[in-house]
Every structure is written in C-alpha cells, then in structure tokens.
Amino acid sequence: MEFQRLKYIYEPSGVAAAKTLLLLHGTGGDETDLIPLARQFGKGFNILSLRGNVSEGGMPRFFKRLGMGVFDERDLAFRTHEMVAFIRELATKEGFDAGKIIALGYSNGANIAGSTLLLYPDFLAGAILYRPMQPFKDAEALQKNHGSANMSDGLIADTPYNRHVPVFMSNGAADPTINPAATKAYAAILTNAGFAVEDHTLQAGHNLTQQDVQLSVDWFKRNFE
Ligand code: MLT
C-alpha cells in the first residue's frame, strides 16, 4: 500500500524557529476538533492539526482497530510511518522545524502519538497523551529488539531511545474504555524506555476535563517555555 497524504490545518505562529503543536483527534473527530484546546496553551507556536486517514463507518481514525481497544498493529505501524513521512514533507513545504514538534493527542490520536514515540523515538520533542492506551501489545519487545530484524515488518524503531523526551499522560479513573493497571504498565514501559513521563489519574471518564487541560498547560510551560 502506498502512503497517502493527510488532510490538515496549518497555522504558522509568525515566530522564527517556533515549536509546532501537532494535534491528533479522537475517533470520529477531525482536524478542527482540538484547535480551541490548543489555543489554551498560549501563543508563539505553530499549529499543525491532522485528520486520520482511516474511516470506521464514516468516523475518521488514525489507524484500524479490530474491536474496542484491540488494534490492528500492522496498520498502526503503517499509518505511523505514513504520518511521519507526511509531516517531514510538510515541514519543508510549510517551513516549520521538524525537530521541534510536540504532539497533543486525544484517545485514538494519543495512541498514534504513542506509536510514534515507540517507532520514532527521536522524532517528537514531547507528547501530550490524553486517555492513551498502549499502542503495541509487545512494546517492551519493540524496545529490546530495537535495530534487530526480529520484529515483524515495519515494527523497528528508527533510532535508540535515549533523549528523555518529556511525555504527559492523563487518564480517567472512571474511563470505561481503559484498564488502569494497563495504563500504569504503559507509563512504566515509556519510562523504562527513557521518556520523562508525567502520569496523572483524574477523577474523570473518557471525556477531557478542564483539569486535563490545566495540568497539561502547566506541564507544557514547565518543559517548553
Ligand atoms: C483507539 O481505538 O485508539 C482507542 O480505543 C480509543 C478510541 O479511539 O476509542
């Protein structure tokens, strides 16, 4: 299968050498969804918001799933490679720095952001993962087999995990789609892989709350301003 382009909105900040906030919506959303939320992070960075290329009964997503919370990992790897290639191309076209991208993903968008961290550990400068799930079942093997030919096609990370990239995670204690123990295990995998993870469990469900926004804005300011 060939890579396809993704629909997107790009808003340059007008500031030289600005960072770019990469917005990745949840299932059934689109590239307009997270822009009001991104405005709460202040000004001075570019906004790049993507629409997932997969349709589930008309609902945009970033990769296929086989059931609720059961991912088509081969498609997830393919869509991650497709998205990263597209962003690299777009960086040249739109003139932003591909080395200064901070992902902000909700639910399905957080999951492709997590897959990007695991497959391209050097690509993102940071990531905000709201209501994430572990993208690959065997993420630890992915890490251990880094650079080896043992993993199935497309599941080999492109660089070592060693940059201590800051990652913000927020989970809902009453989120019916997520198992809290699995989320903790995912946070531990990222931490062991060398990411600087800040993990919050909130009294919330799957929907975002103002507390998610406030905690992530504070984290963003601490790490990137
Ligand atoms: C996913 O499929 O990525 C997760 O189940 C979250 C969702 O989109 O509902």
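Which net charge results for the neighbourhood of Phe86, defined as the other residues with beta-carbon distances under 11 angstrom from its beta-carbon, given Lys and Arg at +1 and Asp and Glu at -1? With Lys, Arg at +1 and Asp, Glu at -1, the neighbours total +3. Under 17 Å of direct C-alpha separation, and excluding same-chain neighbours fewer than eight residues apart, Lys19 reaches these lysines: Lys43, Lys93, Lys100, Lys221.
When DSSP beta bridges are restricted to pairs lying wholly in the chain, around 25% turn out antiparallel.
Could you give the length gained on full extension between Ala174 and Ser55, defined as 0.36 nm per residue of separation minus the Cα-Cα distance, in nm?
Numbers: separation 119, 0.36 × 119 = 42.84 nm, distance 2.74 nm.
Additional length available on full extension: 40.1 nm.
Can you put His81, His164 in order, fewest other beta carbons within 10 Å first?
Numbers: His81 17, His164 9.
Going from least to most buried by this count: His164, His81.
Of all lysines in the structure, the ones whose alpha carbon falls short of 22 Å from that of Lys184, not counting any fewer than 8 places away in one chain, are Lys137, Lys144.
Near the amide H of Val197, within less than 5 Å, lie the amide hydrogens of Val167, all on another chain or at least 5 residues away, with H placed in the peptide plane.
Dividing the convex hull volume of the alpha carbon atoms of the chain by its residue count gives 115 Å³ per residue.
A crude spin-label estimate for the pair Gln4 and Arg88, with each label 7 Å from Cα along the Cβ direction, gives 2.2 nm.
Taking other C-beta atoms within 10 Å as the exposure proxy, Tyr10, Tyr130 rank Tyr10, Tyr130 from fewest upward. Please build a GNM for the chain, connecting alpha carbons under 10 Å apart, and tell me which residue among Ala16, Ala38, Ala188 fluctuates the most. Top of the fluctuation ranking is Ala16.
Placing unit charges on the Cβ atoms of the charged side chains and taking the dipole of the chain about its Cα centre, the candidate lying farthest along the positive direction among Val84, Gly42, Pro121 is Gly42. Here the peptides 195-204, 110-119, 42-51 are ranked by packing, the mean other Cβ count within 10 Å, and the order with the highest first is 110-119, 42-51, 195-204. Averaging the Cα positions of each part gives two centres, and for segment 63-79 and segment 195-225 these lie 25 Å apart.
Note on the chain: with charges restricted to the Cβ of Lys and Arg (+1) and Asp and Glu (-1), its dipole about the Cα centre is near 200 debye.
Read the figures in this text as sums done on the coordinates, not as results from a lab. Not measured: the values here are computed from a predicted model. Cβ: placed from backbone, ideal geometry, glycine included. Neighbour counts: every protein chain shown.
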